[in-house]
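Quick one: this structure, given as structure tokens, is what I'll be asking you about.
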2 protein chains.
Amino acid sequence: MKVIIVGGVAGGASCAARLRRLDENAEILMVERGPYVSYANCGLPYHVGGVIEKESSLLVATEQTFRDQFAIDCRTRCEVVGITAEKKTVELKNHATGTVTTEHYDKLVLSPGAAPIRPPLPGIDLPGIFSVRTVPDARQMREWLERVAPPRSGMDSYTGYQTVTKPQRAVVVGGGFIGLEMVENLVYRGLEVTLVEKLDQVMPHLDREMARLVERYLEKHGVRLELNDGVAGFQNVTDGSLEVLTSSGKIHPADIVILAIGVRPETALAKMAGIELGERGGIRVDEHMRTSKPDIFAVGDAVEVRDFVTGQWSLVALAGPANRQGRIAADVIAGRDSRFRGTQGTSICQIFEAAIAQTGTTEKVLKRLGDTDYEKIYLYPNSHAGYYPGAKRLAIKVLFRKSDGRVLGAQVLGEDGVPKRIDSFAMAIQMGCTVYDLEEAELCYAPPFGSAKDPVNFAGMVAANVLRGDMSLSHWDAVNHALLLDVRNANELAVDHVPGALNIPLPKLRERLGELPRDREIQVICASGQRAYYATRLLQQKGFKVRNVAGGMLSRSHTTPG
Amino acid sequence: MKVIIVGGVAGGASCAARLRRLDENAEILMVERGPYVSYANCGLPYHVGGVIEKESSLLVATEQTFRDQFAIDCRTRCEVVGITAEKKTVELKNHATGTVTTEHYDKLVLSPGAAPIRPPLPGIDLPGIFSVRTVPDARQMREWLERVAPPRSGMDSYTGYQTVTKPQRAVVVGGGFIGLEMVENLVYRGLEVTLVEKLDQVMPHLDREMARLVERYLEKHGVRLELNDGVAGFQNVTDGSLEVLTSSGKIHPADIVILAIGVRPETALAKMAGIELGERGGIRVDEHMRTSKPDIFAVGDAVEVRDFVTGQWSLVALAGPANRQGRIAADVIAGRDSRFRGTQGTSICQIFEAAIAQTGTTEKVLKRLGDTDYEKIYLYPNSHAGYYPGAKRLAIKVLFRKSDGRVLGAQVLGEDGVPKRIDSFAMAIQMGCTVYDLEEAELCYAPPFGSAKDPVNFAGMVAANVLRGDMSLSHWDAVNHALLLDVRNANELAVDHVPGALNIPLPKLRERLGELPRDREIQVICASGQRAYYATRLLQQKGFKVRNVAGGMLSRSHTTPG
């Protein structure tokens, strides 16, 4: 059996290695258009930033490794330029020699990945504008930052003298994962960074109010945000630097521009082979990673996958699923019945000292699907016991089904303990957990690492309170017609408060019930929602119509629309 | 309804607060023998170490909080000295006044905790010997370390001059959680620490070979370990310091001694009330936290709980379960049907820069139960992508059912990323995951936080390989009669190797198959087991009898008996 694998990074390389382990006798040919196989593309932004110093660190396995350890015929700078599915042949172009040869396959695996989007804007090909996909891309960026970028003359703000400086100003276009990782790394290198994003939020996979927290964090670290503004073009300036022009007419000077607008599945080969594409523009595969053509499989960023929670087709450019898909294709080729379960999109992104992570679905997606059988909670617990040094506040949003309590999605931001929590939520969602299961979860606790009631338990408890009818919930976008009751203490109100809210500190509530109306809904707030919960329970039992405003004052500024 | 809650820390305080939320009209009396309620007993070792500087940080909620926020009659220095279950009365002794009063209850909740074991050894009451349970305990230790300990005269090793010094030498007796936390904190304070442990390992809840790794780590940090040696007594020395005498006849000089031998459920009250105890010496309760006496509940460290994995009764002194039990007792008292699901003993302990964590059951327990339907794997993956700075090696042991793949337990040690992994395993065990589910788990990945194949996925893959018959496993205690084949490269063998092992580097294996016997089992090793897996697959397909030695050379020194 001869298997040809097209693409030698995450999905392709995993498939090749797995297939060899399953079938010592298969003839395996892995071809890669670029100069490297199995490189750490997730590490590229950090290499540009200098966090990963050596380029060689990014080269996880070489052609030689594949030949020596796996007896795989591995060819770099070798591109598939034609597929004839009926004859089961591919045409391979050797970029070193320019020759094209035809090879027969019994099984073909496409792992071409997804390409950075480069819209045909004026000036897009000017020197100094980069995308982040390959090792050579990163190398060129480093060279540009270190040597090539034209010195820019200007006034030193301290001395007033005319100076010649290295690149200082970067514009990153696009606020997704790669955009934010590039922002972080360029700041780390000492550049002033402007982030231009066409949408009204960074991290489009997050709900907008959680993205707000990320945006504030970026601004706190000196990043200039330009949301709601697309890039219209680029131009050179006389001093040799660039200008980024936006749809709104703004001009952002730049010594380097990073394009991180997003990626598009590479489907040219699939189209050539007559393979069916999906509604989102990716290659359509079944749960065995089979395409519409017999004996052709596809894996990785180029394929559409089912969202595990919503059942919708989606495009997910993540390394974990790509690796698993490669293994599954190899299994199926070797005669096994492995199936891809779909993806829940678990992701995490470092932003300076913080991390923003997400798993499962978002409110945005549920709304788009017209799904109303959900509720959301916000909580802001400490990352570990508050009395142990270094505890940081986490911001957590959890979505769950109103009808059965199933956990649908979670978003977590914070400077400590984020991976621990998002992975608990991820495992919970994979296993179909309800919020009642989260309540009972027995997660690790010692003062440096957690709390006796872990934030994940705490999320389960808050959500279960809602579902059990122990606490009605409100959100900041619905506090208009209710009486707002603030149960914090006077010293807290001095810091910030909601105009018009009635203040009765929790310890005084029992004796001051007479001040509250019985004919009108009362919505209770405190700092994070905990004391408001105590007050809600008290008032509910005393016959008042009452709701707790989810997340209290900590939710106010980012969850209030507008 | 009048509810009396005995004990005002984790379980009791949780129960009281929850009950108030559920029933605004209940009369709740919470009594605590000591001077504080709701204090952070888990923080005590860190307060002794000075990591948590202020004693006030440990006082999470005060009597006043309970009175003001929850309208709970909260009394400290108030001890229950008698229970008459038939009359539903308790006798309360006010330690401030010495008066004893009788109070009626409708429901009684016992949360007395567990007391540090203090065996009646000669000299056990000498000044300078401490247990770690309460805030006053910690205060006394700090005072002893800072002021009270007798100055010890000796020769300054650098100057040769006679000097007078502060306490320098500590002996910690007992290598469980509190023992190790005290060790860490005393080292942190600059003391020379000797740890004396009667058993042949520290952390008795771990499997011995995993405890070995903890022991090495302690030694690396300068801790002197004295295993297999119990304490026989204590005596004063003329310079005012102490000596710890052991069963083997050793004498360990000490300026302070910490007793952390373990805890024993406080059952005096339960016995007084005629309440049934369990086989492990704790209070027996049903899943609703009801004792054998009508209207008396018990929660926390004093009760026996069902092990979630094995179904066995056990004593688990952990804050998380205590809190949940308190809530459940409150629920049941308020007329709800809440049930305690049992405990899986998830725990974590910081040891200097590392953490050791465990969840589910251990091989030790399975052996004790005569359970042979399990297999174990060892793996040593990086905590995050190896090419990103700061990756640390994790040591992971996973136990799973041979018959159905169910995950039974996990132990994880490392300097980075331990909480993330143990909580994934914990959630997996709670939800009845199999190793096949671990393979497919979609956990968060970005280079600073994980790998595209997370260690948890990796564990699932290794285990699934075993169960699917893709790889037979061996362990270091069973390599005697097989041919040992080392597939590492020559430069690695120069560092350490197994005498008598045949070396064929993996890249040469295909061409040197003729050197291997077909009539004898071959056991393959490499550094961690990964290349050995590749070799195992190759040899198995070529018709050899072959096994992979779990964890390779990294498993060798701690998993080899003796």
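With a 1.4 Å probe and every protein chain left in place, work out the accessible area per residue of the stretch B:3-79 in Å², rounded to a whole number. Let's see the in-between values first.
Working: 2420 Å² over 77 residues.
Accessible area per residue: 31 Å².
Starting from the Cα gyration tensor of the stretch A:238-393, take the square roots of the eigenvalues, sort them a ≥ b ≥ c, and report rounded, prolate or oblate (rounded when a/c is under 1.5, otherwise prolate if a/b is larger than b/c, else oblate). Provide the component values of the computation, followed by the final result.
Details: a/c = 1.96, a/b = 1.22, b/c = 1.60.
Cα axes put the stretch A:238-393 in the oblate bin.
Over the stretch B:410-501, give the accessible area per residue in Å² for a 1.4 Å probe, as an integer.
Values: 2630 Å² over 92 residues.
Computed with neighbouring chains in place, this is 29 Å² per residue.
Post the alpha-carbon centroid distance, the stretch A:290-329 to the stretch A:512-562, in whole angstrom.
Answer, in whole Å: 45.
Residues in the stretch A:23-50, backbone N under 17 Å from the label point at residue A:2 (7 Å along the Cα-to-beta-carbon vector): list them, ranges by number please.
Under cut-off, by backbone N: A:25-32.
Could you report the accessible area of residue A:95 in Å², rounded to 10, computed with a 1.4 Å probe on the protein chains as they sit in the structure?
Accessible area of residue A:95: about 80 Å².
Next up: Exposed loop sites here are chymotrypsin sites (Phe, Trp or Tyr not before Pro) in DSSP loop states with at most 15 other C-beta atoms within 10 Å. What is the longest stretch of chain B lacking them? Present the calculation step by step, with values, prior to reporting the outcome.
Details: sites that count: B:158, B:161.
The segment B:162-562 is the longest one with no such site.
Tell me whether the stretch B:463-558 comes out rounded, prolate or oblate; compute the Cα gyration tensor, take square roots of the eigenvalues as a ≥ b ≥ c, and use a/c under 1.5 as the rounded threshold. Please list the in-between numbers first.
Details: a/c = 1.41, a/b = 1.09, b/c = 1.29.
Taking the square roots of the gyration eigenvalues as a ≥ b ≥ c, the stretch B:463-558 is rounded.
Sticking with this one: Within a 10 angstrom radius of each residue's Cβ in A:429-441, how many Cβ atoms of other chains show up on average? Whole number is fine.
Values: counts 1, 11, 8, 1, 3, 0, 0, 1, 4, 2, 3, 11, 9.
Counting Cβ atoms of other protein chains within 10 Å of each residue's Cβ and averaging gives 4.
Counting partner chain Cβ atoms within 10 Å of every residue's Cβ in B:170-179, what's the average?
Details: counts 0, 0, 0, 0, 0, 0, 0, 1, 0, 0.
Per residue, the average neighbour count from other chains is 0.
Helix-only estimate, please: 222 nm mean residue ellipticity of the protein assembly as shown, summing -39500 (n - 2.57) across DSSP H runs of length 4 or more and dividing by its residues, to the nearest 500. Intermediate values should be presented prior to the final figure.
Numbers: 32 runs with 298 residues, N = 1124.
Calculated mean residue ellipticity at 222 nm is -7500 deg cm²/dmol.
Also, quick follow-up: Only loop residues by DSSP count here, and only those with at most 12 other Cβ atoms within 10 Å; note down the GluC sites (Glu not before Pro) in the stretch B:211-291 that meet that. Before the final figure, lay out each step's value.
Numbers: sites: B:215, B:219, B:226, B:243, B:266, B:276, B:279, B:287; in loops: B:266, B:276, B:279, B:287.
Loop-located and lightly packed - B:276, B:279.
So if I take the centroid of the Cα atoms in the stretch B:358-372 and the same for the stretch B:486-506, what is the distance between those two points in Å?
Value for the Cα centre distance between the two parts: 34 Å.
Could I ask something else about it? At a probe of 1.4 Å, how much accessible area disappears from chains A and B on forming the pair, both sides counted, to the nearest 100 Å²?
On the way: alone 24800 and 24820 Å², together 42230 Å².
Heavy-atom accessible area buried at this interface is about 7400 Å².
Here's something else I'd like to know. How far is residue B:313 from itself in the other copies, in nm, if each label sits 7 Å out from Cα along the Cα-Cβ line, shortest first?
For residue B:313, the inter-copy label distances come out at 6.0 nm.
Also, quick follow-up: Please enumerate, by chain and number, the aspartates and glutamates with C-alpha under 20 Å from the C-alpha of residue B:293, excluding those fewer than 8 residues away in the same chain.
Hits, sequence-local ones excluded: B:86, B:91, B:103, B:106, B:266, B:276, B:279, B:301, B:304, B:331, B:337.
Over the protein assembly as shown, with every protein chain in place, what whole percent of the accessible area is carbon and sulfur at 1.4 Å, could you tell me?
The C+S portion of the solvent-accessible surface of the protein assembly as shown is 48 percent.
Please list, by residue number, every one of the trypsin sites (Lys or Arg not before Pro) in the stretch A:1-91 that is coil in DSSP and has at most 13 other beta-carbon atoms within 10 Å. Intermediate values should be presented prior to the final figure.
Values: sites: A:2, A:18, A:20, A:21, A:33, A:54, A:67, A:75, A:77, A:87, A:88; in loops: A:33, A:54, A:77, A:87, A:88.
The qualifying sites are A:54, A:87.
Also: Quick check: from the Cα gyration tensor, does the stretch B:195-284 come out rounded (a/c under 1.5), prolate or oblate?
Numbers: a/c = 2.96, a/b = 1.45, b/c = 2.05.
Verdict is oblate for the stretch B:195-284.
Subtract the Cα-Cα distance of residue A:87 and residue A:27 from 0.36 nm times their separation in residues, and report this length gain in nm to one decimal. Display every interim value, and only then the final one.
Numbers: separation 60, 0.36 × 60 = 21.60 nm, distance 1.81 nm.
Taking 0.36 nm per residue and subtracting the Cα distance, the gain is 19.8 nm.
Quantify how strongly other chains surround peptide A:347-356 by giving the mean number of their Cβ atoms within 10 Å of each of its Cβ atoms. Intermediate results must be reported in sequence, preceding the final value.
Values: counts 4, 7, 4, 5, 0, 0, 0, 0, 4, 0.
For peptide A:347-356, the averaged partner shielding equals 2.
Continuing with this model, one more query. By how many nm would the segment from residue A:224 to residue A:542 lengthen if fully extended, with 0.36 nm per residue of separation less the alpha-carbon distance? All intermediate terms of the calculation are to be shown ahead of the outcome.
Numbers: separation 318, 0.36 × 318 = 114.48 nm, distance 5.01 nm.
So the extension gain works out to 109.5 nm.
Here's something else I'd like to know. In whole Å, how far is the Cα centre of the stretch A:405-438 from that of the stretch B:215-245?
44
Also: For each pair in A:453/B:107; A:198/A:271; B:87/B:107; A:220/A:392; A:88/A:271; A:420/B:392, compute the distance between the two Cα atoms and list the pairs where it is over 21 Å. Kindly include the intermediate steps, with their values, before the conclusion.
Working: A:453/B:107 25 Å; A:198/A:271 30 Å; B:87/B:107 12 Å; A:220/A:392 16 Å; A:88/A:271 15 Å; A:420/B:392 16 Å.
From the list (A:453/B:107; A:198/A:271; B:87/B:107; A:220/A:392; A:88/A:271; A:420/B:392), the Cα-Cα distance tops 21 Å for A:453/B:107; A:198/A:271.
Shifting gears a bit: Assuming 0.36 nm per residue, please report the length gained on full extension of the stretch residue B:68 to residue B:147 beyond their Cα-Cα distance.
Working: separation 79, 0.36 × 79 = 28.44 nm, distance 3.77 nm.
Fully extending the segment from residue B:68 to residue B:147 adds 24.7 nm.
Moving on. Just which residues of the stretch B:14-50 lose 30 Å² or more accessible area with every protein chain there, against their chain alone, with the probe set to 1.4 Å?
B:18, B:21, B:24, B:42, B:46
What span do the alpha-carbon atoms of the protein assembly as shown cover on each of the three principal axes, reported in whole Å from largest to smallest?
Computed over the protein assembly as shown, the largest-to-smallest principal extents equal 100, 80, 65 Å.
For the stretch B:55-73, list residues with backbone N below 20 Å from a point placed 7 Å from the Cα of residue A:510 toward its Cβ?
The answer is B:61-73, whose backbone nitrogens lie closer than 20 Å to the label point.
Taking 45 Å as R0, compute the FRET efficiency from the Cβ-Cβ separation of residue B:115 and residue A:468 and round it to 0.05. Could the numbers behind the result be given before it?
Working: r = 36 Å, r/R0 = 0.81.
It comes out at approximately 0.80.
The values are calculated or read from the model by the stated rules, or taken from the named source; none is laboratory data. Note that this is a predicted model, so its numbers are computed, not measured. Please note: Cβ atoms are built from the backbone with ideal geometry, for glycine as well, and neighbour counts cover all protein chains shown. All accessible areas refer to the heavy atoms of the entire protein, side chains included, with ligands and DNA or RNA removed. Shrake-Rupley method; radii C 1.70, N 1.55, O 1.52, S 1.80 Å.
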